[in-house]
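Derivation of every value follows stated rules applied to the coordinates shown; laboratory data play no part. None of these values were measured; they are calculated from a predicted model. Neighbour counts are summed over all protein chains in view; Cβ atoms, including those assigned to glycine, are modelled from backbone coordinates with ideal geometry.
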Amino acid sequence: MKFAEFIRDVPDFPEKGIVFKDITTLLKNTDAFKHVCDLMVEKYHDKEVDKIVGIESRGFIFGSVAAYLLGCGFVPARKPGKLPAETISEDYTLEYGKNTLEIHVDGIKPGEKVVIMDDLLATGGTARAVAKLVEKLKGEILGMEFLIELEFLKGIEKLPGYPVTSYIKY
């Protein structure tokens with residue numbers, strides 16, 4: 001299946017000069033959504049995954065489905081002030097600004113096997129920040145899964161040593 005056919009380009013969103021890759025057109029297609037979710041977990045069925053970390057907000061979509069399919073826990077990586085209990089945080093830069101992500105300190109236990117999921121790999125800053133959070137909690141990162149990779153932004157270069165998979169490359 002050619003997933004790129006299901007992605008809509010939205011020019012000048014969220015700001016002028018950015019071409020936003022809208023995944024809602026893929027999500028509303030039953031076959032495409034199911035197929036990509038199945039692919040994102042395929043290589044992990046025999047890896048005894050303990051947690052999926054989904055990056056706010058579209059990473060929650062793929063991450064929660066993956067956690068269900070793999071029979072493991074789901075940990076949200078959220079923007080500051082959105083999680084109710086004690087958190088750790090990591091700052092990062094993205095293609096059009098700066099931000100911070102947090103996860104609960106009890107979200108991952110030492111030695112737990114973790115897969116990080118999001119819809120888009122752009123500059124790599126967001127994924128790198130989440131990897132640092134997982135590592136601070138002594139989790140073992142088995143891989144990172146992205147629906148889309150914007151190769152021209154070279155985000156993969158910020159993720160050396162991590163197994164990274166993306167299903168649509170621009």
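Put in order of Cβ neighbour count within 10 Å, fewest first, the listed residues 152, 74, 20 become 152, 20, 74.
Could you work out how far the C-alpha centroid of region 1-71 sits from that of region 115-156, in angstrom? If we compute the Cα centre of each part, the gap is 13 Å. The alpha carbons of region 41-114 give a radius of gyration and a Dmax of 13.1, 38 Å, in that order. Counted by neighbouring Cβ atoms within 10 Å, the residues 141, 103 run from fewest to most as 141, 103. Computed on the Cα trace of region 119-170, the radius of gyration divided by the Kirkwood hydrodynamic radius gives Rg/Rh = 0.96.
Counting other Cβ atoms within 10 Å as a rough exposure proxy, the listed residues 22, 119 run 22, 119 from fewest neighbours to most. In the chain, one over the average inverse separation of all distinct C-alpha pairs is 16.1 Å, which is the Kirkwood hydrodynamic radius.
For the pair residue 135 and residue 64, label points projected 7 Å from Cα toward Cβ lie 3.0 nm apart. Looking at region 21-56, the GluC sites (Glu not before Pro) that sit in a DSSP loop and have at most 14 other Cβ atoms within 10 Å of their own Cβ are 48. Evaluating 6.51 cos²θ - 1.76 cosθ + 1.60 at θ = phi - 60° for every residue in region 54-66, the Karplus couplings come out as x, 8, 4, 10, 6, x, 5, 4, 6, x, 6, 5, 4 Hz, glycine and proline recorded as x. Of the trypsin sites (Lys or Arg not before Pro) found in region 27-107, those that fall in a DSSP loop while having at most 15 other beta-carbon atoms within 10 Å are 28, 43, 47, 82.
For region 68-170, applying the loop criterion from DSSP together with a ceiling of 12 other beta carbons within 10 Å to the GluC sites (Glu not before Pro) yields 86. Efficiency by 1/(1 + (r/R0)^6): what FRET value for residue 91 and residue 25, r their Cβ-Cβ distance, R0 = 22 Å, to the nearest 0.05? The value I calculate is 0.10. A Förster radius of 45 Å combined with the Cβ-Cβ distance from residue 79 to residue 46 puts the calculated FRET efficiency at roughly 0.85.
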